[in-house]
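K.L.:
I'd like to ask you about the structure that follows.
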Amino acid sequence: MTSSTPDRSTLGAFLRARRARITPGEVGLPAGGRRRTPGLRREEVAQLAGVGVTWYTWLEQGRARNASDQVLNAVARVLRLDAAEHRHLMVLAGRGTATEPGPPMDLRPEHTTVLAKLLPYPAAVQTDCYDLVAANRTYRYLFADLDAYPVEERNCAWLMFTEPSWRNSLVDEDSVLREITARLRTRQPEHRDDPRWNALITRLRQESPDFVRHWESYEIVGDRTQLRRYRSPRVGALDVQFQSLWLDRARGERIIVMTPTDLATAQRLERLDSLVGAAPAWTSHGDSAEGSAAGGWTPGGGGRGNGAGPGCRTSGENRS
């Protein structure tokens, strides 16, 4: 981990997006006359934060250098940033930490033991940018056979935005896609020098107008347990709590697990596990697609450096 370098251009875009969402009434100002754009005016933010209008204008235009913590905290207060948004602001201003591109994730026996023990609940080992390193059999067959996809395409964000069988499984499609994009938007500044991140964002912007729409809305979210509703082609409606069991929070490596919220979902997950019970308890990148050993992350081609691609160190030995 190293100190993040300022990204003044993105910082300005973030501040503009947040300013547009705050109404005068929310900060105790009269609505006044007709406004050409939604939200607060720059001079109103500057006044409430106790900084000069010119300085705040430069901050939004990416021209201000060395903004103090006091100024940043005052602006965060005026814009009513929550904890995740405040942290994002500080990272963009060079006050956070950056994750240096490192070696591929090491899939360890204790990780796969947990995947197997969680059955029949779907679970997978996932990286910070949604690469799927390994999955137990109920996760593997939840939407379609995960192992049927090329290793370089086994990324949850990529599959949800571009693969119909995954996307059609979402009952609350727009909210889930918005959440995925917001998570990527939140962590991307910490990975600006990581080729796998850059390749993922570039390809999603090229292939998915919905991703572009959500990306440009600039939503930021923290980590949280969520209710997810799916339509499984094998067993029907599933209502689950979607949560993360952290392996390395700094690197974003985790086991994601879906636990049932009701008896019907619990019974359907048990039925799914029985339907696919002949499959190994878990599988990983190491079990297939040997030809992609360069480790490149490129849904559809190009790029290098997928931290959870076939370059991952995985045992490749499964037990039912």
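K.L.:
How much area per residue is accessible in the chain when the probe is 1.4 Å and only protein heavy atoms are counted (Å²)? If you can, show how the numbers build up before the last one.
P.N.:
Details: 14320 Å² over 320 residues.
The answer is 45 Å² per residue.
K.L.:
How large, in percent, is the carbon and sulfur part of the accessible surface of the chain at a probe radius of 1.4 Å?
P.N.:
Details: 6820 of 14320 Å².
The value for the chain is 48 percent carbon and sulfur by accessible area.
K.L.:
Would you kindly state how much longer the chain becomes between Arg231 and Leu29 on full extension, computed as 0.36 nm times their sequence separation minus their alpha carbon distance, in nm to one decimal? List each step's numbers first, then the result.
P.N.:
On the way: separation 202, 0.36 × 202 = 72.72 nm, distance 4.65 nm.
Gain on stretching Arg231 to Leu29: 68.1 nm.
K.L.:
What residues have an amide H closer than 5 Å to that of Gly96, excluding those fewer than 5 places away on the same chain, when H is modeled at 1.01 Å from N in the peptide plane?
P.N.:
Amide H to amide H, under 5 Å and 5 or more residues apart or across chains, Gly96 pairs with Ser4, Val91.
K.L.:
Still on this structure, I have one more. How would you rank 166-172, 199-205, highest first, on the average number of other Cβ atoms within 10 Å across their residues? Let's see the in-between values first.
P.N.:
Details: 166-172: 16.1, 199-205: 19.6.
Most protected by this proxy first, the peptides run 199-205, 166-172.
K.L.:
Project the alpha carbons of segment 38-194 onto their principal axes and report the range along each, largest first, in whole Å.
P.N.:
Extents along the principal axes: 58, 35, 26 Å.
K.L.:
Could you tell me the distance between the Cα centroids of segment 187-201 and segment 243-286, to the nearest Å?
P.N.:
26 Å
K.L.:
Assign one of three labels to segment 140-197, namely rounded, prolate or oblate, based on the Cα gyration tensor with a ≥ b ≥ c the square roots of its eigenvalues; rounded applies when a/c is under 1.5, prolate when it is not and a/b is larger than b/c, and oblate otherwise. Each step should come with its number before you reach the end.
P.N.:
Values: a/c = 3.26, a/b = 1.34, b/c = 2.43.
Oblate is the answer for segment 140-197, as a/c is 1.5 or above yet b/c matches or exceeds a/b.
K.L.:
Continuing with this model, one more query. Within 10 Å, count the other beta carbons around each residue, average over each peptide in 59-68, 105-114, and list them highest first.
P.N.:
Numbers: 59-68: 15.5, 105-114: 17.2.
The peptides rank, most packed first, as 105-114, 59-68.
K.L.:
Please find the FRET efficiency linking Asp69 to Ser9, where r is the Cβ-Cβ separation and R0 is fixed at 22 Å, and quote it to the nearest 0.05. Could you put the intermediate results ahead of the total?
P.N.:
Values: r = 20 Å, r/R0 = 0.93.
Rounded to the nearest 0.05, the efficiency is 0.60.
K.L.:
What does the convex hull of the Cα atoms come to per residue for the chain, in Å³?
P.N.:
Numbers: hull volume 44.9 nm³, N = 320.
Convex hull volume per residue, Cα atoms: 140 Å³.
K.L.:
For the chain, with a Gaussian network of springs between Cα atoms less than 10 Å apart, report the residue from Asp262, Asp194, Asp128 with the top mean-square fluctuation.
P.N.:
Checking each option, the largest mean-square fluctuation is seen for Asp262.
K.L.:
State whether segment 105-170 is rounded, prolate or oblate according to the following rule on the C-alpha gyration tensor (a ≥ b ≥ c being the square roots of its eigenvalues): a/c under 1.5 gives rounded; otherwise a/b larger than b/c gives prolate, and the remaining case gives oblate. Mind showing how you got there, number by number?
P.N.:
Details: a/c = 2.19, a/b = 1.42, b/c = 1.54.
The shape class here is oblate.
K.L.:
Can you compute the label reach from Asp223? Point 7 Å from Cα along the Cβ direction, backbone N cut-off under 14 Å, restricted to segment 79-116.
P.N.:
Answer for segment 79-116: 84.
K.L.:
What number, rounded to the nearest 500 deg cm²/dmol, is the helix-based mean residue ellipticity at 222 nm of the chain, given -39500 (n - 2.57) per DSSP H run of at least four residues and division by all its residues?
P.N.:
Working: 13 runs with 124 residues, N = 320.
After summing the helix terms and dividing by the residues of the chain, the value is -11000 deg cm²/dmol.
The values are calculated or read from the model by the stated rules, or taken from the named source; none is laboratory data. Remember, it's a predicted structure, so these values are computed and weren't measured experimentally. Here Cβ is always computed from backbone atoms with ideal geometry, including for glycine, and neighbour counts include all displayed protein chains. Keep in mind that these areas ignore ligands, DNA and RNA; they rest on the heavy atoms of the full protein, side chains included. Shrake-Rupley method; radii C 1.70, N 1.55, O 1.52, S 1.80 Å.
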